Ligand SMILES: *Cc1c(COP(=O)(O)O)cnc(C)c1O
């Protein structure tokens, strides 16, 4: 994607003019373990249910703006009233809308790098100031005291649990503390929570913390990255604020129908999720055996690993083995680190085999 010509940059909002077009760097590879998707795909019975639901959608009509049926199904699964739920065009739209609704020029958005880059980009787009409280560089745990302290002057605090790209959890007790310290909103981004041990979620805090926003997505565990559906659980007052700024038809009827079909058959997803969690631990043991490797514990569907000459290894994985993982080696918060999505047993074996070969050379 070409850069923005000066002719147009000159007449853009300064915050937007400072951006570059997103370059997905999509490579045509045999095994893609770069985006934390569920590489198993939908089980045939689920795929059939989705296809049947899609066939019934009246595409000539606008979608239900608040996705009533899907919202009710999510509310039931999460054990909340539907007033505590809002659906978005992927989690990304909900993050953007959260900043749009709650941030003004100069509002502070607190992040804990290395973390999901989207927070920083969207925060800057709406004119907010990003305040970083870096994680402990050895463990990638959030620095609890510093976060609580900085939360006191933040409009939005982003706590990602499990964190992308490190797989680290945030203790719900710390989320509670940050909610108490923060006059603004606390975002608990739980995009990968389906892969984490029971009891890891901030969900039980919703009733006590009226500034807590919990984010979920259908893109990771639920195999619907292509459909673009996410949701937020929060106090109904926050849901109203998000509903006020959203584009009414941002979630298409097709996407709503697909997500509803999957939500209604969540139990059928459980074996795949369990298998990914088991595979994660196996891949972790194998990665740890690579000479010079450090691999961190992960509660998500990916592993974060530090390897000597990581960038070169990443390139050769792609070019010689047609395997794509995510390269974080240029990020000063995590030098020489790669993020590897846990895929099918066959994909995992292939990436381990290729890595063992490469690090020997
Ligand atoms: C993938 C991801 C999301 C949301 O992704 P969508 O596909 O937009 O739903 C949100 N937060 C984190 C940390 C993620 O990794």
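When you check residue 106 against the structure, is it in contact (Cβ under 8 Å) with a residue 24 or more places away in the chain, away from the ligand (no atom under 15 Å from the Cβ) and on the phi > 0 side of the Ramachandran plot, yes or no?
no
Does residue 74 satisfy the criteria of being within 27 Å of residue 165 (Cβ to Cβ), more than 11 Å from the ligand (Cβ to nearest atom), buried (at least 24 other Cβ atoms within 10 Å of the Cβ) and touching a residue at least 60 places away in the same chain (Cβ under 8 Å)?
yes
What's the number of the only condition in (1) in contact with a helix residue (DSSP H, G or I) (Cβ under 7 Å, 6 or more places away or on another chain); (2) under 21 Å from residue 26 (Cα atoms); (3) crowded, with 21+ Cβ neighbours inside 10 Å that residue 305 fails to meet?
(2)
Does residue 212 satisfy the condition of being more than 15 Å from the ligand (Cβ to nearest atom), at pLDDT 95 or above and surrounded by fewer than 24 Cβ atoms within 10 Å (Cβ to Cβ)?
No, not satisfied.
Can you name the residue in segment 225-249 that is out of contact with any helix residue (DSSP H, G or I) (no Cβ under 6 Å at 6 or more places or on another chain) and within 14 Å of the ligand (Cβ to nearest atom) and is also nearest to residue 185 (Cα to Cα) among such residues?
Checking each candidate, the answer is 225.
If residue 253 meets every condition in (1) surrounded by 17 or more Cβ atoms within 10 Å (Cβ to Cβ); (2) closer than 30 Å to residue 353 by Cα; (3) more than 16 Å from the chain's Cα centre (by Cα) apart from one, which number is that one?
Residue 253 satisfies all of (1) surrounded by 17 or more Cβ atoms within 10 Å (Cβ to Cβ); (2) closer than 30 Å to residue 353 by Cα; (3) more than 16 Å from the chain's Cα centre (by Cα) except (2).
If you scan segment 29-47, which residues turn out to be in contact with a helix residue (DSSP H, G or I) (Cβ under 7 Å, 6 or more places away or on another chain), part of a loop (DSSP other than H, G, I, E, B), away from the ligand (no atom under 15 Å from the Cβ) and over 26 Å from residue 267 (Cβ atoms)?
Correct list: 29 only.
Take residue 194 and tell me if it is in a helix (DSSP H, G or I), away from the ligand (no atom under 15 Å from the Cβ), on the phi < 0 side of the Ramachandran plot and surrounded by fewer than 23 Cβ atoms within 10 Å (Cβ to Cβ).
For residue 194, the condition - in a helix (DSSP H, G or I), away from the ligand (no atom under 15 Å from the Cβ), on the phi < 0 side of the Ramachandran plot and surrounded by fewer than 23 Cβ atoms within 10 Å (Cβ to Cβ) - is not met.
So which residues in segment 135-174 are surrounded by fewer than 23 Cβ atoms within 10 Å (Cβ to Cβ), in a helix (DSSP H, G or I) and touching a strand residue (DSSP E or B) at 6+ places or on another chain (Cβ under 6 Å)?
Passing the criteria: only 150.
Please enumerate the residues belonging to segment 327-351 that are over 21 Å from residue 196 (Cα atoms) and touching a strand residue (DSSP E or B) at 6+ places or on another chain (Cβ under 7 Å).
Scanning segment 327-351 gives 327, 328, 329, 336, 337, 347, 350, 351.
The values are calculated or read from the model by the stated rules, or taken from the named source; none is laboratory data. Quantities reported herein were computed from a predicted structural model and do not represent experimental measurements. Because the Cβ atoms are built from the backbone with ideal geometry, glycine has one as well, and the counts that use them run over all protein chains shown.
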